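The next block holds one structure in the form of structure tokens; read it before the comments.
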Amino acid sequence: MGKGRLGVGFIGSGFNARFHLQAFQAVRDADVLGVWSPSAKHAEETAALARRLDVGRAKAFPSIAQLVADPAIDAVWLCGPNFARVANVEEIADTIARGKGELKGIACEKPLARNVAEAKRVAALVTEAGIAHGYLENQAFAPAVTQGRAITWARGASLTGRPYLARAAEEHSGPHTPWFWRGELQGGGVLNDMMCHSALVVRHLLTKPGAPSSSVRPARVTGHIASLKWTRPEYAKRLQQLMGKDVDYAKAPAEDFASVMIEFAAEDGATVLGEATTSWSFVGPGLRLSAELLGPEYSMAWNSLDSGLQLFFSRAVKGKAGEDLVEKQNAEIGLMPVVAGEPAVYGYEAEDRHFVRAFLKGEPPELTFDDGVEVVKLLMTAYMSAEQGKTLEFPPGGLETFVPAVAKGTWKP
């Protein structure tokens with residue numbers, strides 16, 4: 001490995017980690033050199049994928065401590081499941097504290113944790129260990145979002161006034177892996193799983209490029225959650241057949257739809273709004289990401305399914321089910337949009353380039369664990385608002401110890 005390159009180790013070997021590996025093909029100054037997973041088989045498979053993609057001579061490690069202690073590993077991409085987040089970071093911090101390893105940075109996938117107490121614990125551990133930290137939020141780095149935001153502010157806002165409404169949504173038909181569906185493991189349902197994207201994106205769009213996120217401060221939050229599809233008896237049964245006996249939405253459901261309205265107080269005294277929705281009950285071609293930004297004389301809009309490529313397959317084309325056209329693909333025949341280069345379109349490539357360069361230069365990245373903690377606070381406030389059925393001032397009392405009813409297994413839709 002040459003000078004000026006970052007040796008990266010992955011903790012986690014699932015769907016998200018594989019997206020990052022594809023994205024690292026567009027990162028010129030990093031090498032993926034290690035993978036750890038609680039499943040040795042999965043770690044070996046993911047390391048082999050990294051080598052096959054030619055993003056680094058990755059090897060599987062038997063423990064997080066051994067991965068961190070390897071002098072070739074300069075930074076860690078934390079892509080493991082939510083329920084393992086605190087334990088994973090504790091092992092990293094303990095290894096550093098014992099003088100067994102040294103890291104230039106740690107980047108953590110969304111959400112930072114399952115609740116505010118866990119998020120603060122994770123942030124404190126990394127800070128105490130003296131490790132630079134970054135919060136991975138790919139949608140803020142999506143080319144359509146970054147370019148749309150920049151042009152809208154430079155041309156529209158500069159001449160006619162700041163934007164006053166941002167919208168964002170992430171919608172698909174549901175996660176691939178059983179633990180995502182289980183409130184106690186994931187920390188909730190679709191709100192905790194995906195609103196972390198949308199809540200950050202609306203604030204990002206409403207923030208002037210170059211200004212700190214604190215210039216647009218959350219003031220009031222209204223949340224709503226519902227189970228629209230997966231608690232219907234026929235779908236609860238189907239879900240259990242797909243995901244196993246531990247996923248029982250007849251007895252322990254999680255929400256499959258969530259919305260939040262965030263009222264922000266801008267530093268110029270303006271009140272601006274962020275409106276976000278997320279769904280595991282959307283049935284369309286596949287994953288749909290969308291964003292809008294509106295101001296007095298302008299607007300921008302993005303929909304990831306408005307791709308420039310479409311295919312049509314007649315009923316005679318009876319191939320295997322897959323995801324070769326779009327993530328969370330729901331059909332293989334008919335008129336289908338194709339999202340070419342998903343790691344670029346969804347922001348993974350730009351995101352990974354940014355964090356690699358920040359860690360190499362010793363500079364703070366655009367998003368840190370502090371941003372991750374703030375997002376978790378917004379998510380928990382939305383859950384609290386949904387449970388109480390009213391708008392809450394942000395931050396509300398009791399947020400530090402709050403655990404959603406969905407995560408406790410006591411929520412009844």
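Here is how the numbers come out for the structure above:
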read-out: Matching residues, the range 298-350, being in contact with a strand residue (DSSP E or B) (Cβ under 9 Å, 6 or more places away or on another chain), farther than 26 Å from Arg167 by Cβ and acidic (Asp, Glu); value: Asp324, Glu332
read-out: Where a residue in the range 47-74 is within 22 Å of Ala26 (Cβ to Cβ) and assigned to a helix (DSSP H, G or I) and its partner, wherever it lies, is among the small types (Gly, Ala, Ser) and modelled with pLDDT of 95 or more, with Cβ under 7 Å and at least six apart; value: Ala47/Ala58; Ala47/Ala60; Ala50/Gly56; Ala50/Ala58; Arg51/Ala58
read-out: Glu184 of a type in the set (Asp, Glu), under 22 Å from Pro395 (Cβ atoms) and surrounded by 16 or more Cβ atoms within 10 Å (Cβ to Cβ); value: no
read-out: Residues within the range 374-413 that are in contact with a strand residue (DSSP E or B) (Cβ under 9 Å, 6 or more places away or on another chain), assigned to a helix (DSSP H, G or I) and hydrophobic (A, V, I, L, M, F, W, C), tallied; value: 7
read-out: Test: residue in the range 118-126 that is under 26 Å from Phe24 (Cα atoms) and either over 19 Å from the mean Cα position of the chain (by Cα) or of a type in the set (Gly, Ala, Ser) (or both); value: yes
read-out: Hits in the range 383-406 - residues which are crowded, with 23+ Cβ neighbours inside 10 Å and within 20 Å of Val122 (Cβ to Cβ); value: Tyr383, Pro404
read-out: Single condition Leu136 does not satisfy, out of (1) closer than 20 Å to Phe359 by Cα; (2) open to solvent by 10 Å² or more (accessible area, probe 1.4 Å); value: (2)
read-out: Considering residues of the range 69-100 that are within 20 Å of Gly7 (Cβ to Cβ) and of a type in the set (Val, Ile, Thr) only, the residue surrounded by the most Cβ atoms within 10 Å (Cβ to Cβ); value: Val89
read-out: So Lys110, is it under 23 Å from Gly183 (Cβ atoms) and either among the charged types (D, E, K, R) or buried (at least 18 other Cβ atoms within 10 Å of the Cβ) (or both); value: yes
read-out: In the range 319-372, the residues that are aliphatic (A, V, I, L, M), open to solvent by less than 20 Å² (accessible area, probe 1.4 Å), touching a helix residue (DSSP H, G or I) at 6+ places or on another chain (Cβ under 9 Å) and assigned to a helix (DSSP H, G or I); value: Val356
read-out: Residue count for the range 2-34, restricted to those that are in a loop (DSSP other than H, G, I, E, B) and over 22 Å from Pro62 (Cα atoms); value: 7
read-out: From Ala258, Ala266, Ala219, residue being of a type in the set (Gly, Ala, Ser), over 17 Å from Val376 (Cα atoms), open to solvent by less than 40 Å² (accessible area, probe 1.4 Å) and in contact (Cβ under 8 Å) with a residue 12 or more places away in the chain; value: Ala266
read-out: Residue list for the range 280-316, filter: open to solvent by less than 60 Å² (accessible area, probe 1.4 Å), more than 25 Å from the chain's Cα centre (by Cα) and free of Cβ contacts under 8 Å to residues at least 24 places away in the same chain; value: Ser314
read-out: Candidate set: the range 239-255, residues that are among the hydrophobic types (A, V, I, L, M, F, W, C) and open to solvent by 10 Å² or more (accessible area, probe 1.4 Å); chosen: the one nearest to Gln329 (Cα to Cα); value: Leu242
read-out: Some residue of the range 241-258 being under 24 Å from Asp371 (Cβ atoms) and either among the polar types (S, T, N, Q) or part of a strand (DSSP E or B) (or both); value: yes
read-out: Extreme residue, farthest from the chain's Cα centre (by Cα), among residues of the range 269-279 that are among the hydrophobic types (A, V, I, L, M, F, W, C) and surrounded by 19 or more Cβ atoms within 10 Å (Cβ to Cβ); value: Val272
read-out: First in the range 1-25 and under 16 Å from Gly347 (Cβ atoms) and modelled with pLDDT of 95 or more, second anywhere and among the small types (Gly, Ala, Ser) and surrounded by fewer than 22 Cβ atoms within 10 Å (Cβ to Cβ), Cβ under 9 Å, 6 or more apart; value: Ala23/Ala344; Ala23/Ala350
read-out: Those residues of the range 1-32 which are among the charged types (D, E, K, R) and more than 15 Å from the chain's Cα centre (by Cα), in sequence order; value: Lys3, Arg5, Arg28, Asp29, Asp31
read-out: Residue count, the range 161-208 (criterion: under 17 Å from Met261 (Cα atoms) and part of a loop (DSSP other than H, G, I, E, B)); value: 3
read-out: Meets criteria (in contact with a strand residue (DSSP E or B) (Cβ under 7 Å, 6 or more places away or on another chain) and among the acidic types (Asp, Glu)) for Asp371; value: yes
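The values are calculated or read from the model by the stated rules, or taken from the named source; none is laboratory data. All figures in this text were calculated on a predicted structure; none of them were measured in a lab. Here the Cβ is made from the backbone with ideal geometry for all residues, glycine too, and neighbour counts use every protein chain on show. Accessible surface is based on the protein model in full, side chains and every heavy atom, while ligands, DNA and RNA are left aside. Shrake-Rupley method; radii C 1.70, N 1.55, O 1.52, S 1.80 Å.
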